[in-house]
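Read the structure below first, then the notes.
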Amino acid sequence: MIQEASEAAIAGLQAAPSTESSPTPESAKRRLSATALDLIGSMMTAAFGHRWTSAHGDDFANTSGRLWAIELAGMTQAQVELGLQVARRSSDGWPPVLADFRAYCLGCLPLIELDANMARPMAEWAPFTVLVQRNIDGHAWRLAGQDGQRHMLQRGYDRARAHVMAGGKL
């Protein structure tokens, strides 16, 4: 059921011109259609049940989905598909908030996935993992204890995510 809802959401992703005026690039002057939002809401409801509907209601496209449509403006189908996949993999069982979902669409990993990704050989790292690593002082990392490394990882993660969310490249 989750897979069907996800596939339906992906198939329904379409952009419609926005009625909102904003000083953003041309691609961002568009918004996801209400149909796409209904389908994303269905997928999230299937994946997260009451945890999703208690926050967004039963009519996502006409409630908080309106804000999601604006914030996800300009996202490609592949980006939204990535966001849905990352959300569905959530290990804590909670649906993402809008900022997290947008970050997932842009290629950011949840912190717990980043940690697992860093345990792999560097050649297998996701681009976001490489960006986080570039924000960590390698020498200080090697000298730090586990608590210090955890703090450095969080700071590197926060900097990398802010960079990507502001439009920076992975």
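The values are calculated or read from the model by the stated rules, or taken from the named source; none is laboratory data. In this text, all values refer to a predicted model and were calculated from it rather than measured experimentally. Note that each Cβ is placed from the backbone with ideal geometry, even for glycine, and that neighbours are counted across all protein chains shown. Heavy atoms of the whole protein, side chains included, go into the accessibility calculation; ligands, DNA and RNA do not. Shrake-Rupley method; radii C 1.70, N 1.55, O 1.52, S 1.80 Å.
Results, tabulated for the structure shown:
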{"item": "Residues of segment 103-117 satisfying the condition of being more than 22 Å from Ala73 (Cα to Cα), open to solvent by less than 20 Å² (accessible area, probe 1.4 Å) and touching a residue at least 40 places away in the same chain (Cβ under 8 Å)", "result": "Leu114"}
{"item": "All helices (runs of 4 or more DSSP H) inside segment 1-106 with 1 or more residues being modelled with pLDDT under 85 and touching a Gly at 6+ places or on another chain (Cβ under 8 Å)", "result": "34-48"}
{"item": "Residue count for segment 36-57, restricted to those that are open to solvent by 50 Å² or more (accessible area, probe 1.4 Å) and either in contact with a helix residue (DSSP H, G or I) (Cβ under 8 Å, 6 or more places away or on another chain) or under 23 Å from Leu106 (Cβ atoms) (or both)", "result": "4"}
{"item": "Hey, Met75 aliphatic (A, V, I, L, M), surrounded by 14 or more Cβ atoms within 10 Å (Cβ to Cβ), touching a residue at least 40 places away in the same chain (Cβ under 8 Å) and closer than 30 Å to Ser42 by Cβ or not", "result": "yes"}
{"item": "Hits in segment 78-92 - residues which are open to solvent by 30 Å² or more (accessible area, probe 1.4 Å) and without any contact (Cβ under 8 Å) to a residue 60 or more places away in the chain", "result": "Ala78, Gln79, Leu82, Arg89, Ser90, Ser91, Asp92"}
{"item": "Tally of residues being open to solvent by 40 Å² or more (accessible area, probe 1.4 Å) and either under 15 Å from Ala103 (Cβ atoms) or in contact with a Lys or Arg (Cβ under 6 Å, 6 or more places away or on another chain) (or both) across segment 155-170", "result": "10"}
{"item": "Trp68 being surrounded by fewer than 20 Cβ atoms within 10 Å (Cβ to Cβ) and of a type in the set (Phe, Trp, Tyr)", "result": "no"}
{"item": "Helices (runs of 4 or more DSSP H) contained in segment 118-170 and holding at least 1 residues in contact with a Cys (Cβ under 8 Å, 6 or more places away or on another chain) and within 25 Å of Leu72 (Cα to Cα)", "result": "127-134, 146-165"}
